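Quick notes on the structure that follows.
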Amino acid sequence: MPEVVFESIYKEIFPFWEMISDADREYICQNSYHISYPKGKNIHDGSECSGVIFVRSGSLRLYMMSDEGREITLYRLHRGDLCMLSASCVLDAVAFDVFVDAEQDSQCCVVSGPAFAAVSRRNPDIRIFALEAAVSRFSDVMWVMQQILFMSMDKRLAIFLSDEAARTGSSTIVLTHGQIAKYMGSAREVVSRMLKYFANEGIVEVSRGGVTILDKKRLRELAL
């Protein structure tokens, strides 16, 4: 992708863009690349500085993983979203590892982590932006932790299904029980049992194609 195209993108997403020198803008563009990630591809495994990722299409999932391999989805990124937690060399204060997967075929722009870090050391405005971008996502992380620690499984599942329906604009959630469990940080068997209970109550219909919400009012009541 030509540098001029990167510049037009970064002018829209980076509030500091006009505050830095022409040389630094050129350096960021020279160290940027466009990449396609197939569905299921691991993009960042927490072990290195993968860079600042801007999602142009598709969606990414950020999650943590326990030593036993259990995953907890922190949040998901969609078109127009920016991922700073994949650039650990820029955010020294972030001491935990996150993983990033493409949950759909995705097109992204990536700024090299070391290059972004080098420019940020010369420009406090960039470092402030990076920290604010990361901190803004911690409300999402704390919401996930609050659900896991303090909410019953039926309420958590009701919230998840309601949020997915609102996000996609469809009453059918096209996800397997295993995928739902992964997003919720739970076990597939637990999700399956709760979906069976919801189905017996006439709240949802479960099929090979996913989960269809039949009674939105009941689901909202469970989510409250």
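The values are calculated or read from the model by the stated rules, or taken from the named source; none is laboratory data. Small disclaimer: the values here were computed from a predicted structure and weren't measured. Here Cβ is always computed from backbone atoms with ideal geometry, including for glycine, and neighbour counts include all displayed protein chains. We work out accessible area using only protein heavy atoms, side chains counted, and drop any ligands, DNA or RNA first. Shrake-Rupley method; radii C 1.70, N 1.55, O 1.52, S 1.80 Å.
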Those residues of segment 17-42 which are under 14 Å from residue 111 (Cβ atoms) and within 23 Å of the chain's Cα centre (by Cα), in sequence order: 32, 33, 34, 35
Residue within segment 26-40 that is closer than 28 Å to residue 184 by Cα and open to solvent by less than 20 Å² (accessible area, probe 1.4 Å) present: no
Counted residues, segment 140-174 - those being loosely packed, with under 12 Cβ neighbours inside 10 Å and either of a type in the set (D, E, K, R) or under 22 Å from residue 58 (Cα atoms) (or both): 3
Which numbered condition residue 56 misses (of (1) open to solvent by less than 50 Å² (accessible area, probe 1.4 Å); (2) in contact (Cβ under 8 Å) with a residue 40 or more places away in the chain): (1)
Subset of segment 97-138 [among the β-branched types (Val, Ile, Thr), closer than 21 Å to residue 34 by Cβ and within 14 Å of the chain's Cα centre (by Cα)]: 100
